[in-house]
Amino acid sequence: MTQQTLEQHRELVKKTKGEVLTASLNMYRSGLVAAVWGNVSARVPGSDLVVITPSGVDYETLTEDMLCVLDLNTEEVVEGTFKPSSERLLHLAVYRAREDVFGVMHTHSNYASAFSVAHKDIPPVVEDLAQVVGGSVTCSKYALPGTPELGQNVVKALGKKGAVLLANHGVVGVGHTVDEAFRTCLIVEKGAQIQAVAKMIGNPVLLSLEDVEHLRHGYLHSYGQK
């Protein structure tokens, strides 16, 4: 049945692979990860198929043919000869919990990772962070990488927001597209850097809950070419 679904969505699978490849290169070239770490995925619209990056492959050599296609329900590889990302359970857990999410990116960016090491949330100190996240970037409870527990902890801490910190690990950003997940990770890193510097200057003044809710609502419902 999965192979039949794969063939029915062949063109969308190809399009999604292109989007994952582009986002992966953007992530790497933006300095959100080093070497082969981090991972990217996207759900194929109208299906239970997920395209995800392979494990331990240099991003500069990555091609669409190296990407893996997973079945969201069985967690099995239905297309691809490469071993999928070790964090595939995390990605699949997010998709199961959030029907609105079609792109997931996991990064190890420096400032945000520093907050994750300190087990400190990144507060909504600037408007773009409030828009894409919808509040503080919460630090989830620690779990070893690649485990079901990590996915469970991430889903719990993420809630309905746009990003979450993985304790002693890094960041997960989500979006309606994988490109939006990438932009979210960029804004989280920027917000983490601003918060860290502001703490050295003085006591950062946070946006009010009402303002955060207003900014988030505007971003979700009227921002951009909607």
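The values are calculated or read from the model by the stated rules, or taken from the named source; none is laboratory data. Remember, it's a predicted structure, so these values are computed and weren't measured experimentally. Positions of Cβ are generated from backbone atoms using ideal geometry, with glycine treated the same way; all protein chains shown enter the neighbour counts. Note: areas computed on protein heavy atoms with side chains; ligands, DNA, RNA excluded. Shrake-Rupley method; radii C 1.70, N 1.55, O 1.52, S 1.80 Å.
Filter the range 79-98 down to residues that are in a loop (DSSP other than H, G, I, E, B) and over 19 Å from Leu144 (Cβ atoms) and give me whichever is most open to solvent (accessible area, probe 1.4 Å). Even if it seems obvious, please write down each step before you answer.
Of all residues in the range 79-98, those in a loop (DSSP other than H, G, I, E, B) come to 80-83, 85-87, 98.
So of that shortlist, the ones also over 19 Å from Leu144 (Cβ atoms) come out as 80-82, 98.
On the way: Gly80: 39, Thr81: 130, Phe82: 83, Arg98: 10 Å².
Checking each candidate, the answer is Thr81.
Within this structure, Thr74 passes the test of being more than 26 Å from Val132 (Cβ to Cβ), among the polar types (S, T, N, Q) and touching a residue at least 24 places away in the same chain (Cβ under 8 Å).
Considering the range 34-55, the residues that are touching a residue at least 24 places away in the same chain (Cβ under 8 Å) and on the phi > 0 side of the Ramachandran plot include one that is most open to solvent (accessible area, probe 1.4 Å), namely Gly46. The single residue among Val57, Val33, Val50 that is at pLDDT 95 or above, in contact with a His (Cβ under 6 Å, 6 or more places away or on another chain) and of a type outside the set (Asp, Glu) turns out to be Val33. Of all residues in the range 154-172, those being open to solvent by 10 Å² or more (accessible area, probe 1.4 Å) and either among the acidic types (Asp, Glu) or more than 14 Å from Tyr95 (Cα to Cα) (or both) number 3. Note on the range 51-78: residues that are more than 15 Å from Lys14 (Cα to Cα) and outside any loop (DSSP other than H, G, I, E, B) amount to 6. Of all residues in the range 120-129, those that are without any contact (Cβ under 8 Å) to a residue 24 or more places away in the chain and open to solvent by less than 40 Å² (accessible area, probe 1.4 Å) total 0. Would you please name the residue that is nearest to Leu92 (Cα to Cα), looking only at residues in the range 173-188 that are of a type outside the set (Val, Ile, Thr) and open to solvent by 30 Å² or more (accessible area, probe 1.4 Å)? Among residues in the range 173-188 that are of a type outside the set (Val, Ile, Thr) and open to solvent by 30 Å² or more (accessible area, probe 1.4 Å), the one nearest to Leu92 (Cα to Cα) is His176. The set of residues in the range 198-222 that are surrounded by 13 or more Cβ atoms within 10 Å (Cβ to Cβ) and not in a helix (DSSP H, G or I) comprises Pro204, Leu206, Leu207. Each residue in the range 9-33 was checked for being surrounded by fewer than 17 Cβ atoms within 10 Å (Cβ to Cβ), farther than 16 Å from Arg183 by Cβ and touching a residue at least 24 places away in the same chain (Cβ under 8 Å), and 3 of them qualify. Give the range 99-119 a look and list any residue that's surrounded by fewer than 17 Cβ atoms within 10 Å (Cβ to Cβ) and within 15 Å of Val154 (Cα to Cα), or say none. If the condition is that a residue be surrounded by fewer than 17 Cβ atoms within 10 Å (Cβ to Cβ) and within 15 Å of Val154 (Cα to Cα), then His119 is the only one that fits. Condition first: touching a residue at least 12 places away in the same chain (Cβ under 8 Å), in a helix (DSSP H, G or I), in contact with a strand residue (DSSP E or B) (Cβ under 7 Å, 6 or more places away or on another chain) and polar (S, T, N, Q). Can you find one or more residues in the range 149-162 that meet it? Within the range 149-162, one or more residues are touching a residue at least 12 places away in the same chain (Cβ under 8 Å), in a helix (DSSP H, G or I), in contact with a strand residue (DSSP E or B) (Cβ under 7 Å, 6 or more places away or on another chain) and polar (S, T, N, Q).
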